[in-house]
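A quick write-up on the structure given underneath.
The values are calculated or read from the model by the stated rules, or taken from the named source; none is laboratory data. Worth saying up front: this structure is predicted, and the values here are computed from it rather than measured. Note: ideal-geometry Cβ built from the backbone for every residue, glycine included; neighbour counts use all protein chains shown. Surface accessibility is based on the protein's heavy atoms, side chains included, excluding ligands, DNA and RNA. Shrake-Rupley method; radii C 1.70, N 1.55, O 1.52, S 1.80 Å.
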Amino acid sequence: MTTRSILVASPRAAHEAVVDLYQNVIKEHTRTGAAGILTWETVDQYHRHQLRKMFHGPILKDIAEQVWLWDGRVGERVRYAPLVWKAFFAEMFIEPEFEEYTVRATGEMKVRQRRRSTEALSDDKFALFVLQVCAFACTELGVEFIEMEPQQ
């Protein structure tokens, strides 16, 4: 089963996404008789923006500043940058997705795992992801999130 989600916010981005989807997925699958469903889902841009701002701002910042882990290679405790934590949490909490593709030279069908990306999550799934990250950080890593005044 191939699933692909692409966030688009302009007519041009939507056009490019549909063309890419047609050329790289739909055309090949329908050629073999497969059927599929195309879905359009609107998203609340303000809500999504606020969630992303919270996750990439204070949540990852607090985790990166408070968590020290032992690194046996250097023989001491180290802290990791927010982007390292983001990649770690994506691997931990985002379900893997796989896609089929055809090797052009041989025509052979192969399957590969898609990169786990927060961008591909729906608003509801991203909100759940943020909750999972916060819960894990508090219970397993001992993070205490610092309350901040909302930015205007």
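Out of the residues in the range 112-129 that are closer than 17 Å to GLU99 by Cβ and open to solvent by 30 Å² or more (accessible area, probe 1.4 Å), which is farthest from the chain's Cα centre (by Cα)? Within the range 112-129, the match that is farthest from the chain's Cα centre (by Cα) is ARG112. Residues being at pLDDT below 85, more than 17 Å from the chain's Cα centre (by Cα) and of a type in the set (S, T, N, Q): count how many of those fall in the range 9-58. Qualifying residue count for the region: 3. Residue-level check: of (1) at pLDDT 95 or above; (2) touching a helix residue (DSSP H, G or I) at 6+ places or on another chain (Cβ under 7 Å); (3) among the small types (Gly, Ala, Ser), ALA135 misses just (2). Residues in the range 98-107 that are open to solvent by 70 Å² or more (accessible area, probe 1.4 Å) and touching a Ser or Thr at 6+ places or on another chain (Cβ under 7 Å): GLU100 alone. Under the condition of being assigned to a helix (DSSP H, G or I) and of a type in the set (D, E, K, R), the residues counted in the range 32-61 number 4.
Evaluation of ALA64 against the conditions (1) closer than 25 Å to ARG114 by Cβ; (2) in a helix (DSSP H, G or I) shows that the sole unmet condition is (1). Of everything listed in (1) open to solvent by 50 Å² or more (accessible area, probe 1.4 Å); (2) outside any loop (DSSP other than H, G, I, E, B); (3) under 30 Å from TRP70 (Cβ atoms), the single unmet condition for GLU95 is (2). Residue pairs whose Cβ atoms lie under 7 Å apart, sitting 6 or more positions apart in sequence or on different chains, and linking a residue in the range 8-32 that is under 14 Å from MET109 (Cβ atoms) to a partner that is open to solvent by less than 100 Å² (accessible area, probe 1.4 Å) and among the β-branched types (Val, Ile, Thr), are VAL25/THR2; GLU28/THR102.
Residue count for the range 60-85, restricted to those that are open to solvent by less than 40 Å² (accessible area, probe 1.4 Å) and under 16 Å from the mean Cα position of the chain (by Cα): 2.
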